[in-house]
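The values are calculated or read from the model by the stated rules, or taken from the named source; none is laboratory data. Please read all numbers here as calculations on a predicted model, not as lab measurements. Positions of Cβ are backbone-derived with ideal geometry, glycine not excepted, and every protein chain shown enters the neighbour counts.
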Amino acid sequence: MMEASAGNGLVVEGISLGFGGLQVLSDVSMSLRPGVITGLIGPNGAGKTSLFNCLTGLYHGQRGRSSFAGTALNGLGPAQRAACGITRSFQNLAMCPDLSLLENVLVGLTLKRRSGWFSAFVPTPAQRVEQQEAERRAIAALNELGIGAFAHDKPSDLPPGTLRLAEIARAIACDPRAILLDEPAAGLNAVETRDLMRALRRLMRPDLVLLVVEHDMDLIMELCEQIYVLNFGKMIASGTPAEIRAQPDVIRVYLGDDADD
Amino acid sequence: MAVSDLAQASTARSSAGGGRVEIARFTVLALVAVLSLLPLLAGGFLLYSLSLCFANALAVLSVSMLVRYGGEVSIGHSFFVALGAYAVAIVEHRLGLSIVVSLPLAVLLGAGAGFVFAFPSRRLSGIYLAVATMALALALPEILIGFEKLTGGFEGLYIAQDLIPGVAKSLQHYYVALLVLVLVCLALAHFRKSAQGLALLMAQAQPRAAEAMGITRSWARISIFTLSAALASLAGALTGFASSTVSPNSFTFFSGVFLLVGSVVSLNRLSLPAALVGGAFITLVPTYLAQAGDWVPILYGVALVVVTLGANAGDLRRFLPRGSGR
């Protein structure tokens with residue numbers, strides 16, 4: 001499976017990460033295939049966020065390799081990975097409070113915009129066309145997630161569910177090739193979680209790599225086709241939701257007593 | 001609350017916001033109209049003070065811009081202001097050219113100097129960057145006196161060339177400064193909506209998120225400092241032009257501190273009225289309070305405390321006992 005997907009997916013092989021004497025990740029491998037919603041679960045402290053940060057370039061593993069669509073990612077920082085087409089969302093909502101929702105999404109298009117410093121201060125016809133095009137794309141992204149009506153609101157006026165969707169809108173606005181979502185359902189109520197799941201399914205495309213790191217077991221089981229389970233920095237299982245449900249290791253460390261129902 | 005209710009509330013909010021924008025726009029237009037007609041009624045010292053006030057308003061804007069878009073504080077922007085002012089004077093003395101040439105040159109010089117300072121200090125922020133800028137302000141008088149041949153030493157230089165020969169000097173100073181101030185405010189309003197402006201605001205509020213969108217912290221820090229220094233230098237060029245003279249006395253260590261004070265008093269806002277309040281505070285207050293003598297610094301201090309406390313009243317309320325003031 002891994003060999004077949006290594007060409008166009010996001011692949012990490014043998015990643016190890018330690019802080020001083022604490023080994024956070026040891027020899028972790030995973031392969032995220034395009035067109036498949038992949039889930040990463042694990043109990044608190046399992047190393048999910050550390051692995052996520054290794055994928056996004058915030059941390060760099062002491063050992064191991066990572067590549068995206070055949071391009072090596074080792075040593076690249078977050079901004080350079082963004083230039084490769086990898087975007088992410090944040091566990092704590094990362095919206096700029098001074099900007100409207102639309103403007104927050106527009107920032108996601110920064111790498112796609114070509115207007116120079118002169119036109120940042122002096123309106124030019126080319127800059128106006130470019131601005132309109134960017135706004136069109138940002139509004140399309142907001143509409144795709146069903147929150148176009150709030151385009152001109154400030155984040156402080158909106159509930160967390162809407163902001164979470166707006167973060168995803170920002171991530172998809174620039175037509176990324178990989179979207180990594182860090183606990184997208186954190187702090188959402190049941191209705192908002194359902195909206196989120198529907199939105200994620202809708203934006204899935206055959207060429208898109210989509211990873212969801214989540215605590216919410218039900219969401220992962222329902223949403224993802226491929227699931228990885230992390231515990232104490234080691235990958236203990238991977239497979240389809242049915243396979244994961246049947247894994248005794250997973251039941252023991254993560255699902256606990258609730259697993260039988 | 002259902003989504004449709006939320007959407008309705010949002011529409012109501014945005015129409016209320018639209019009304020506010022209209023009022024703000026009308027206020028600015030009225031202000032510009034009044035300032036444009038003022039020379040018909042007033043003259044002499046008032047026009048001179050206002051010309052300086054406009055130039056200082058630009059300098060205040062340069063500091064506010066750094067605060068707004070970079071989240072950083074500079075104590076040493078007087079360095080870049082002096083650079084612009086001396087550029088005008090030196091270009092006139094050495095090349096015999098007017099501000100048509102020296103104004104754009106001052107902007108470029110300011111940007112260059114800003115970049116040269118910002119590049120090595122791109123990893124500094126907060127108090128460390130402020131202290132680094134302080135070094136600029138402290139070194140400035142010595143530099144101006146040390147390069148006596150170029151800068152005229154203690155005595156400084158005169159700026160005498162007209163922009164438009166035949167028109168009264170005071171009118172030229174007044175209208176050029178006002179025109180540049182209005183244009184800069186328009187440019188800043190446009191910048192707020194530009195890709196670069198949004199990227200800088202995001203880099204300041206959410207540096208990690210910005211980085212994930214391809215906006216690096218170094219890029220943001222270097223860009224905003226360079227822009228702000230260019231604007232400070234433009235302000236300096238107009239200060240020189242409006243006051244017809246440059247000398248080390250106008251650019252002491254405290255000039256940098258006062259620019260920061262002006263920025264705080266204008267609540268770091270980048271609009272024309274706010275810039276005028278900041279410019280007026282550091283230009284007109286000392287002039288018209290001159291007879292108060294030793295009391296000037298004290299009045300300054302009191303005004304600063306009042307503005308700072310007033311602007312942050314919302315935050316201060318939490319220090320009040322529970323149940324009062326809510």
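Values computed for the structure shown
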read-out	value
Subset tally (residues that are under 29 Å from residue B:230 (Cα atoms) and without any contact (Cβ under 8 Å) to a residue 40 or more places away in the chain) for segment B:27-37	4
Hits in segment A:119-150 - residues which are over 22 Å from the mean Cα position of the chain (by Cα) and away from chain B (no Cβ under 11 Å)	A:125, A:126, A:129, A:132, A:133, A:136
Residue within segment A:36-50 that is within 26 Å of residue A:243 (Cβ to Cβ), in contact (Cβ under 8 Å) with a residue 24 or more places away in the chain, out of contact with any helix residue (DSSP H, G or I) (no Cβ under 7 Å at 6 or more places or on another chain) and in a strand (DSSP E or B) present	yes
In segment B:211-229, the residues that are crowded, with 24+ Cβ neighbours inside 10 Å and more than 7 Å from chain A (Cβ to nearest Cβ)	B:220, B:221, B:224, B:225, B:227, B:228, B:229
Every residue from segment B:50-81 that is touching a Gly at 6+ places or on another chain (Cβ under 6 Å) and assigned to a helix (DSSP H, G or I)	B:53, B:56, B:57, B:60, B:78, B:80, B:81
Segment A:151-162, residues that are within 12 Å of chain B (Cβ to nearest Cβ) and either crowded, with 20+ Cβ neighbours inside 10 Å or not acidic (Asp, Glu) (or both)	A:151, A:152, A:153, A:154, A:155, A:156, A:158, A:159, A:161, A:162
Residue match in segment A:73-94 (condition: over 30 Å from residue A:153 (Cα atoms), in a helix (DSSP H, G or I) and more than 9 Å from chain B (Cβ to nearest Cβ))	no
Residue check for residue A:202: closer than 20 Å to residue A:140 by Cα, out of contact with any Ser or Thr (no Cβ under 7 Å at 6 or more places or on another chain), charged (D, E, K, R) and assigned to a helix (DSSP H, G or I)	yes
From A:242, A:199, A:169, residue being of a type in the set (A, V, I, L, M, F, W, C), without any contact (Cβ under 8 Å) to a residue 40 or more places away in the chain and at negative phi	A:242
Hits in segment B:14-38 - residues which are in contact with a helix residue (DSSP H, G or I) (Cβ under 8 Å, 6 or more places away or on another chain), under 18 Å from residue B:179 (Cβ atoms) and surrounded by fewer than 18 Cβ atoms within 10 Å (Cβ to Cβ)	B:28, B:31, B:32, B:36, B:38
Which listed residue is outside the structural domain of residue A:103 (by TED's automatic domain parsing), at pLDDT below 90 and not aliphatic (A, V, I, L, M), from A:241, A:248	A:248
Helices (runs of 4 or more DSSP H) wholly inside segment B:190-296 containing at least 2 residues that are at pLDDT 90 or above and within 17 Å of the chain's Cα centre (by Cα)	B:217-243, B:253-265, B:272-288
